Amino acid sequence: MSELDAPTPQVYDFRKPALRGRGRIHELTRPVFFVGFMGAGKTSTARKLARSAGVTAIDMDTYIERRCDMKIKQIFAELGEKGFRAIETDMLEELALGEPRLISCGGGIVLAERNRQILKEHGFVIYLMVTAAEAASRISDVSTRPLFGNLEQAQRVIEGRLPLYEEVADIAIDTAGRGSGSIAREAQRCLQEAGILR
Ligand code: S3P
């Protein structure tokens, strides 16, 4: 077969129809994990970035809900936090070894040492910083987050997790007073500079 007959590799453009065909489709050299407390904007930032860069984004909680055919709230009620964390680690392993994507993680992903190892070994980690008050204002229904509690509790949890988020983070982005578009643009710049998004 001559070079001219060789099949052209197909790259699917994941962006909204209006944006398809515009700009360059990028690729990720390794999985990119968004970590940070609930309400930091991990899911919406990953989605925005996926659209503008033409790469795939996946939300871990949604992935878990689909795989288990149960809502997160229901998993906590039936299997407890321990059961949920065990599932979370299995799914993280699966996603970390799969094709490179933007992966928004649940806020507690950094709690298990095994998870922190996986994140550091296989991924590039973006830590989105948020305060408890701002997180609460961004979450429309806190009842879907069994561990959010009240503002004081949330603040304590954020402080307790801070060293763990910092341990895994390749970069940290302050989300205070910003929308997901601006955060996504900063993340894209950092990923390009680090050679993770090409
Ligand atoms: C959790 C955060 C939630 C979800 C679960 C536990 C946590 O995800 O995984 O309720 O321990 O912080 P989001 O951070 O996406 O809300």
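Summary of values
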item	result
Derived scalar couplings ³J(HN,Hα) [segment 191-198; Karplus, 6.51 cos²θ - 1.76 cosθ + 1.60; whole Hz; x for Gly, Pro]	5, 5, 4, 7, x, 8, 10, 10
Inter-part distance where segment 37-63 and segment 146-193 are each reduced to a Cα centre, Å	13
Accessible area per residue in Å² at 1.4 Å probe, computed on segment 3-193	53
Over the chain: helical MRE at 222 nm, DSSP H runs n ≥ 4 each giving -39500 (n - 2.57), nearest 500	-15500 deg cm²/dmol
In sequence order, calculated HN-Hα J values of segment 65-79 (Karplus, 6.51, -1.76, 1.60; Hz; x Gly/Pro)	4, 5, 5, 8, 6, 8, 6, 3, 4, 5, 4, 4, 5, 8, 10
DSSP-defined beta bridges in the chain - what % are antiparallel, rounded to 5	5
Ordering of 101-110, 181-190, 153-162 by packing [mean C-beta count within 10 Å, highest first]	101-110, 181-190, 153-162
Residues whose placed amide H lies under 5 Å from that of residue 173, excluding near-sequence neighbours	127, 128, 129
Karplus-derived 3J(HN,Hα), 6.51/-1.76/1.60, for each residue of segment 152-166, Hz, glycine and proline x	5, 4, 4, 4, 5, 5, 4, 4, x, 8, 3, x, 6, 4, 5
Electrostatic dipole magnitude of the chain [Cβ: Lys, Arg +1; Asp, Glu -1; Cα centre; debye, to 20]	680
Sequence-distant residues sharing a close amide H with residue 33 (under 5 Å, placed H)	103, 124, 125, 126
Carbon plus sulfur fraction of accessible area for the chain, probe 1.4 Å, in percent	50
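The values are calculated or read from the model by the stated rules, or taken from the named source; none is laboratory data. Quantities reported herein were computed from a predicted structural model and do not represent experimental measurements. Note that we place each Cβ from the backbone using ideal geometry, even for glycine, and neighbour counts take in every protein chain shown. Quick note on the areas: whole protein, heavy atoms, side chains included, nothing else; ligands and nucleic acids left out. Shrake-Rupley method; radii C 1.70, N 1.55, O 1.52, S 1.80 Å.
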